[in-house]
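First the structure, in the form of structure tokens, and then the observations on it.
What follows draws every value from the coordinates through simple rules; no lab data is involved. Predicted model, so just to flag it, every value in this text is computed and none were measured.
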């Protein structure tokens, strides 16, 4: 049987106008319990970039084989983070950030 490979995901989100520095400030002070939950779910090498002209956030992360990232929305710490971020981002009715998945087009190792 072939060993599972690490996967990579990319997606975009959108900030509300004037919220770039607040977004950075909140992420610079990421809650330790949220960082632990992300790591426990198999997420690593997670980066978010901002297109300042459009306020689009581009996120890319890697997932370890056997990851449990799909369970994160059910965790209380994830829900609290979404509530905390809802005033500065475009969000769904449950405060989950609006996310648009991106299709991989090129990879250079």
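Based on C-alpha pairs under 8 angstrom that are at least 6 apart in sequence, region 7-101 has a relative contact order of 41 percent. When the helices of the chain are scored as -39500 (n - 2.57) per DSSP H run of n ≥ 4 and the total is divided over every residue, the value at 222 nm lands at -7500 deg cm²/dmol. To the nearest 10 degrees, how steeply does helix 76-85 sit against the main Cα axis of the chain, on a 0 to 90 scale? Long axis of 76-85 versus the principal axis of the chain: about 40 degrees. Every pair of different Cα atoms in the chain enters the Kirkwood calculation, which places the hydrodynamic radius at 15.0 Å.
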